[in-house]
C-alpha cells in the first residue's frame with residue numbers, strides 16, 4: 001500500500017505516471033464491479049509496466065539537448081562548403097530526436113534554393129541564420145551554362161572541380177573550382193556554374209569545349 005501511495009505521489013509531478021494511476025485505478029474499479037479480480041490484476045500490472053516504460057523514455061528525452069522552445073535544425077548529410085546550393089538531399093533529421101520534436105523541424109522548402117554563408121561539417125546543424133539568397137563569389141568568376149536536364153546539374157555544387165574537354169577527349173590541362181551553382185528552380189533543370197578558371201585555362205576555352213566533372217566536393 002505504501003508503494004502505491006508513493007507511486008501516486010510521484011505521479012503528481014509526472015504526467016505519464018498520472019496517466020498510469022488513472023488507467024490502473026479504472027481497471028481495478030471495473031473489476032470491483034464485475035468481480036474479475038484475477039484478470040484485472042494482470043491487466044493492471046501490464047498497463048502499469050507499459051506506462052512506466054513510456055515515462056522513463058520521456059524522462060530521458062527531457063535530459064536530451066532538445067529542450068526549451070523545441071527549436072530543431074536539420075543536420076548536413078555530408079560536408080558542405082560555403083556557397084552550397086541547398087537541396088533536400090543535403091538535409092537530414094537529427095539523430096535521437098525525442099517524441100514531439102519532429103514537428104518542430106522547419107519546412108524543407110525554407111532551405112531549398114538557399115545558399116550557405118559558411119562551411120558546415122557532416123552531421124552539424126544547418127543554422128537558418130547561415131542561409132542567404134545569393135552566393136558570394138570572386139568578382140572575376142565567370143558563368144558557364146550546364147546543358148539543360150544534364151545529370152551534372154544534380155552532381156555539381158560549390159567546391160567541385162571541373163575541366164574543359166572536346167568531344168574527342170582532348171582536355172585543357174588543369175582544373176577550376178566551382179564557386180557556386182545557380183539554378184532557376186529546385187529541379188535544377190536549368191543551371192549554370194560560377195567558376196574562376198584562371199587566365200591559363202580561360203585563354204584556351206573554345207566553343208568546342210564542354211565542361212566535365214574532374215572531382216566532386
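Read-outs throughout are calculated quantities, based only on the coordinates presented, and are distinct from any laboratory measurement. Everything numeric in this text was worked out from a predicted model, so none of it was measured. FYI the Cβ positions are ideal-geometry reconstructions off the backbone, even for glycines, and counts take in every protein chain you see.
Assorted remarks:
- By the count of other C-beta atoms within 10 Å, a proxy for reagent exposure, 165, 191 are ordered fewest to most as 165, 191.
- Along principal axes, Cα extents of segment 68-136, largest first, whole Å: 38, 21, 20
- Cα-based shape type of segment 100-217, given that a ≥ b ≥ c are square roots of the gyration tensor eigenvalues and the cut on a/c is 1.5: prolate
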